[in-house]
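The values are calculated or read from the model by the stated rules, or taken from the named source; none is laboratory data. As the structure is a computational prediction, the values presented were derived from the model and not from experiment. Positions of Cβ are generated from backbone atoms using ideal geometry, with glycine treated the same way; all protein chains shown enter the neighbour counts. The accessibility values were calculated without ligands, DNA or RNA, using every heavy atom of the protein model including side chains. Shrake-Rupley method; radii C 1.70, N 1.55, O 1.52, S 1.80 Å.
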Amino acid sequence: MVKWSDKERAIISSIFASLDYEDVGPKALSRCLIVYPWTQRYFGAFGNLSNAAAIMGNPKIAAHGVKVLHGLDRALKNMDNIVETYAELSILHSETLHVDPDNFKLLADCLTIVIAARMGSSFTPDTQLAFQKFLAVVVSALGKQYC
Ligand code: HEG
């Protein structure tokens, strides 16, 4: 089981406490769809994704970005039990949505970049360590029900 130090817990809580879901969620998801265009295949029913501007201005993508970030709240509230917390979401992505689990890491990296850009110099190496550890556990948990 993953161990979290008090410092890591404090850093992760403080990132989420000041998180602007409506800004960061859409930016992270649209960045993922632009930088890794093959991830667009899962969003065929979301309307116009024909270029970067269309993706960034697509309201369905924006709403889904916010939804994904709120999905991370569950991990935040259950940091000592992330695998079980995400069991159902993992099954959904695997068996219903057929999302290649490699894509979880790509979205996590986009989220790190968007948050780092917003936080600027306060995104210290210690902050990055804690946040990427958190996302690595999320990515691993979302991939757990694939086998
Ligand atoms: Mg997923 C649905 C969270 C990565 C594609 N995703 C959802 C939902 C949540 C969620 C909470 C709604 C579930 C429901 O309706 O019950 N997703 C989530 C997280 C992460 C992630 C936390 C990783 C950090 N998702 C992800 C990636 C892709 C993807 C990488 C594809 C590249 N998700 C996807 C699709 C849906 C969801 C296609 C269904 C969207 C819809 O039809 O409304």
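Note on the stretch 13-22: residues that are open to solvent by less than 40 Å² (accessible area, probe 1.4 Å) and either under 14 Å from Lys60 (Cα atoms) or outside any helix (DSSP H, G or I) (or both) total 1. Considering only residues in the stretch 29-50 that are farther than 14 Å from Ala62 by Cα and part of a loop (DSSP other than H, G, I, E, B), the one that is farthest from the ligand (Cβ to nearest atom) turns out to be Ser50. Evaluate the following for Ala75: is it in contact with a Cys (Cβ under 6 Å, 6 or more places away or on another chain) and open to solvent by less than 20 Å² (accessible area, probe 1.4 Å)? So Ala75 fails the test. Filtering Gln145, Gln132 for residues that are part of a helix (DSSP H, G or I), at pLDDT below 95 and either acidic (Asp, Glu) or open to solvent by 20 Å² or more (accessible area, probe 1.4 Å) (or both) leaves a single hit, Gln145.
Listed here are the residues, each with its yes/no results for (1) surrounded by fewer than 16 Cβ atoms within 10 Å (Cβ to Cβ); (2) more than 10 Å from the ligand (Cβ to nearest atom); (3) not in a helix (DSSP H, G or I).
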position: Glu84; (1), (2), (3): yes, yes, no
position: Glu88; (1), (2), (3): yes, no, no
position: His93; (1), (2), (3): no, no, no
position: Leu106; (1), (2), (3): no, no, no
position: Leu111; (1), (2), (3): no, no, no
position: Ala116; (1), (2), (3): yes, yes, no
